[in-house]
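The values are calculated or read from the model by the stated rules, or taken from the named source; none is laboratory data. Not measured: the values here are computed from a predicted model. Quick reminder, even Gly has a Cβ in these numbers, built from the backbone with ideal geometry, and neighbours come from all protein chains shown.
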Amino acid sequence: MNTTVNTHTTANALEPQWLLDRRNSGNETYSNLPVPSAKDENWRFASVLSEDIDAFKSAPMPEDHAIDYALSNSKLVEDPIAELIFVDDHLVQSKPLPKELIDKGVRFLSLNEAIEDHSHLLEPYFLKDSTRLGSQKYFGLHASNVKAGAVLYVPKGVEINEPIAVYHWSNTDKGLICPHTLIIAEAQSKVSLIDVLASTTEENRCLNISASNIQGHPSANIYRKVIQNFNSKTLSFQLDSAIADRDTQLENIAINLGAAKARYENQIKINGSGAHVTMYSLSVAEETQEFDQRTFQTHNAPNSVSDLLYKNALFDTSRTIFSGLIQVEEGAQQTDAYQTNRNLLLDQRADANALPGLEILANDVKCSHGATTGNIDEDELFYMLSRGIPHRVAMQLIVLGFFEEIIEKLGSDSLAENIRKLLEEKFASKIKS
Amino acid sequence: MQSLEITNLNVNIDGQPILKDFSLNIPKGEIHALMGPNGTGKSTLAKVIAGHEDYEVTSGEILLNGESILGKEPDEISLAGLFLAFQYPLEIPGVSIANFIRAAKQARLPENESINAVEYYKELYDKMDALKIDRKFTARSLNEGFSGGEKKRCEVLQMSMLEPDYCIMDETDSGLDIDALKIVADGVNLMRSPERGFLIITHYQRLLDYIIPDVVHVMYDGKIVHSGDAELAKELESKGYDWVKDSFVSSLAQ
């Protein structure tokens, strides 16, 4: 059953044995595991994936007009200090790091470059592990096919204050893309990376299986944002995992706007005391979109904080599923772990499912989990109308306001403003008087 | 016809009559105070005028400068020139004061025109200064985490920014300490003009020490039972609402 592997033989020849082994093992996992069904707890409430995954294939280098489109629309992150732009998993543009950062030992590499020249950097982490949240089969497909992505290595004590951006565009109908992001932040380093996932056309139905892995060493400060804005035909899996060590500060923000079906798995493991991890998400679902969100916060060490807030707005007959688990291991005393899911239903046909969960083996912890699902507050609406604000504008302001507590955490005024514009565009067609 | 004129208004909630043949005429340039015990229909009146749809209007008429506003949407009524300062202003998470008022101002411009941001902020800051509202509040979510006094000052700020023809203030004085009360009163007095009418709904006479009304009405059981000048408010304060009941209601019933 090797027919689905799309790896390039030319690239293979240059790959080290450890990587070939991991690819093979990924391929086996993909071939051997069954297609998940809703009977599986990790797939509860998710609609059945009827698609033939094997029909999606890696696409060749895109034509110039697609590249031009991608380049001229990779604008969400203003003034990145370094940037990589991929179309259909082919690197089409890169802006390297400034020399002074390279001299300090920082590396920001396309995956191919990293495999060729920095195999030792990758080996401890790359494709070694993923989320344990149900998509192991698809991670296997990712592992056997991945050839695009970014590897970011920040040495001890180096702080980078400007954002680094990575764009992944899908361009081909029935195309498969497998973007990968690996962030290795050594002790006391600081870095911010933004991944943007999007489509060059409204029509190309693509399969995205992206994975990211963050290694946060002691006292590292890592800020990772991912913006998923594929066209409405796309199938998307995002499998994100992170490890936080002693005093690591890790902020995750996921913005989910696109795709027909998008599954987002985010798993964080806290292995050191004093770590502070936040996981925020903002999703706008419309038409028949389905956002399936699975999260896992593991506390293996005492005195750490993890804080999760996932907010969803649902239009039309869209669906969301939030399933989250906080796991506090024995000995992880003085843990503060929070998990909140808030859903705003803008159509009574929309369907928001929430499955919050706790598993606590320590006895001295502060943990909370909660989910709420509600409609627009009629009194708030009346208040706004009574100021002369038209119904449509009032609704837009309320929905945008609902998300503001996530948007303001983006930490960059220009990115926040660009995200607000994306949301306003989406609402403008959605909310009519 | 430059007035806010309410004629024989009858309003039910869940089939229960709340306003009973209520009539009141507020010409521009006048401040009318409406006083009365709790549960007598004052807030219902305010919300019905502002176009709240939860109330069943069985008969009557509300004219704003001669045009009927009954049955219109709350935003249309606002644009026609009415402002209601809420008794309990709502908290709107994630919508800043600046953006909220801006959206309300924008709604008053022709479709292809947009607000001049520089002029807008100058006006906003000037009016915030006058109401002693910290300029930092512009970026804060509307009313979220505000104290009672801050919420009421913010209502007066909105009122002064939107420059309505008629202002209805629903128990704006409730929950205010004397300093906040004076600030709110100053804000209202600054807006006092021959081109503007006010209806000040209050339970207590205290606010009327600072905003001197032209006419005071006493409301009881869904209608006005007695009207007088500013002295009436003081008389009411010293004699209490039982005096109203004994002197005016029982005689009406006979």
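Filtering A:ILE53, A:ILE81 for residues that are modelled with pLDDT under 95 and surrounded by 15 or more Cβ atoms within 10 Å (Cβ to Cβ) leaves a single hit, A:ILE53.
Hey, which of the strands (runs of 3 or more DSSP E) in the range A:303-391, taking only ones fully inside, have at least 1 residues that are surrounded by fewer than 19 Cβ atoms within 10 Å (Cβ to Cβ) and at pLDDT below 95? So that I can check it myself, show each step before the final result.
On the way: elements: A:305-314, A:319-328, A:335-345, A:351-360, A:365-375.
Answer list for the range A:303-391: A:351-360, A:365-375.
For the range A:182-231, residues that are out of contact with any strand residue (DSSP E or B) (no Cβ under 7 Å at 6 or more places or on another chain), among the hydroxyl-bearing types (Ser, Thr, Tyr) and within 28 Å of A:ASN27 (Cα to Cα) total 0. Remark: pairs (first residue in the range B:71-92, acidic (Asp, Glu); second residue part of a strand (DSSP E or B); Cβ separation under 9 Å; 6+ apart in sequence or on different chains) = B:GLU91/B:SER141; B:GLU91/B:LEU142. Taking the options A:SER386, A:SER414, name whichever one is small (Gly, Ala, Ser), outside the structural domain of A:VAL77 (by TED's automatic domain parsing), within 30 Å of B:ARG102 (Cα to Cα) and free of Cβ contacts under 8 Å to residues at least 12 places away in the same chain. On inspection, the qualifying residue turns out to be A:SER386. A:GLU408 passes every criterion in (1) more than 25 Å from A:TYR223 (Cα to Cα); (2) more than 8 Å from every other protein chain (Cβ to nearest Cβ) apart from (1).
Checked against (1) of a type in the set (Asp, Glu); (2) touching a strand residue (DSSP E or B) at 6+ places or on another chain (Cβ under 6 Å); (3) buried (at least 18 other Cβ atoms within 10 Å of the Cβ), B:ASP75 meets all criteria but (2).
Name the residue, out of A:GLN188, A:GLN249, A:GLN215, that is modelled with pLDDT of 95 or more and in contact with a Ser or Thr (Cβ under 6 Å, 6 or more places away or on another chain). Of A:GLN188, A:GLN249, A:GLN215, the one residue that is modelled with pLDDT of 95 or more and in contact with a Ser or Thr (Cβ under 6 Å, 6 or more places away or on another chain) is A:GLN188. Against the conditions (1) surrounded by fewer than 18 Cβ atoms within 10 Å (Cβ to Cβ); (2) under 22 Å from B:GLU30 (Cβ atoms), where does B:MET219 fall short? Just the number, please. Condition not satisfied by B:MET219: (1).
Here's the yes/no breakdown for (1) under 26 Å from A:ILE67 (Cα atoms); (2) assigned by TED's automatic domain parsing to the domain that holds A:GLY105; (3) within 15 Å of the chain's Cα centre (by Cα); (4) surrounded by fewer than 22 Cβ atoms within 10 Å (Cβ to Cβ):
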| residue | (1), (2), (3), (4) |
| --- | --- |
| A:GLU116 | yes, yes, no, yes |
| A:ARG132 | no, yes, no, yes |
| A:GLU202 | yes, yes, no, yes |
| A:ILE209 | yes, yes, yes, no |
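Here is the figure for the range B:197-216: residues that are in contact with a Gly (Cβ under 9 Å, 6 or more places away or on another chain), crowded, with 22+ Cβ neighbours inside 10 Å and not β-branched (Val, Ile, Thr) total 1. Taken over the range B:48-79, the criterion of being more than 8 Å from every other protein chain (Cβ to nearest Cβ) and either of a type in the set (Val, Ile, Thr) or under 19 Å from B:HIS32 (Cβ atoms) (or both) is satisfied by B:VAL48, B:ILE49, B:VAL57, B:THR58, B:GLY60, B:GLU61, B:ILE62, B:LEU63, B:LEU64, B:ASN65, B:GLY66, B:ILE69. In summary, B:TYR121 fulfils each of the numbered conditions (1) within 14 Å of the chain's Cα centre (by Cα); (2) modelled with pLDDT of 95 or more with the single exception of condition (1). Going through (1) outside any loop (DSSP other than H, G, I, E, B); (2) crowded, with 21+ Cβ neighbours inside 10 Å; (3) in contact (Cβ under 8 Å) with a residue 40 or more places away in the chain one by one, A:GLU251 falls short only on (2). Scanning the range A:122-132 for residues that are of a type outside the set (Val, Ile, Thr) and modelled with pLDDT under 95 yields A:LYS128, A:ASP129, A:SER130, A:ARG132.
Looking only at the range B:99-143, how many residues end up being more than 12 Å from chain A (Cβ to nearest Cβ) and touching a residue at least 24 places away in the same chain (Cβ under 8 Å)?
So in the range B:99-143, the residues more than 12 Å from chain A (Cβ to nearest Cβ) come out as B:110, B:112-138.
Then keep just the ones that are touching a residue at least 24 places away in the same chain (Cβ under 8 Å); that gives B:123-124, B:127-128, B:130-133, B:137-138.
The qualifying residues number 10.
For the range B:13-27, the set of residues classified as over 17 Å from the mean Cα position of the chain (by Cα) and either surrounded by fewer than 18 Cβ atoms within 10 Å (Cβ to Cβ) or part of a loop (DSSP other than H, G, I, E, B) (or both) consists of B:ILE13, B:ASP14, B:GLY15, B:GLN16, B:PRO17, B:LYS20, B:ASP21, listed by residue number.
If you go through the range A:317-331 and keep only what is without any contact (Cβ under 8 Å) to a residue 40 or more places away in the chain and within 22 Å of A:SER304 (Cβ to Cβ), you end up with A:LEU325, A:GLN327, A:VAL328, A:GLU329, A:GLU330, A:GLY331.
For the range B:80-98, what are the residues that are aliphatic (A, V, I, L, M) and more than 7 Å from chain A (Cβ to nearest Cβ)? Give the derivation first.
First pass over the range B:80-98, keeping only residues aliphatic (A, V, I, L, M): B:80, B:82, B:84-85, B:90, B:92, B:95, B:97-98.
Result: B:ALA80, B:LEU82, B:ALA85, B:ILE97, B:ALA98.
Yes or no: A:ILE102 assigned by TED's automatic domain parsing to the domain that holds A:GLN267, of a type outside the set (D, E, K, R) and without any contact (Cβ under 8 Å) to a residue 12 or more places away in the chain?
Working: assigned by TED's automatic domain parsing to the domain that holds A:GLN267: yes; of a type outside the set (D, E, K, R): yes; without any contact (Cβ under 8 Å) to a residue 12 or more places away in the chain: yes.
It is true that A:ILE102 is assigned by TED's automatic domain parsing to the domain that holds A:GLN267, of a type outside the set (D, E, K, R) and without any contact (Cβ under 8 Å) to a residue 12 or more places away in the chain.
Tally up the residues in the range A:342-387 that are within 14 Å of chain B (Cβ to nearest Cβ), under 26 Å from A:ASN42 (Cβ atoms) and either touching an Asp or Glu at 6+ places or on another chain (Cβ under 6 Å) or small (Gly, Ala, Ser) (or both), please. Residues flagged as within 14 Å of chain B (Cβ to nearest Cβ), under 26 Å from A:ASN42 (Cβ atoms) and either touching an Asp or Glu at 6+ places or on another chain (Cβ under 6 Å) or small (Gly, Ala, Ser) (or both) within the range A:342-387 amount to 0.
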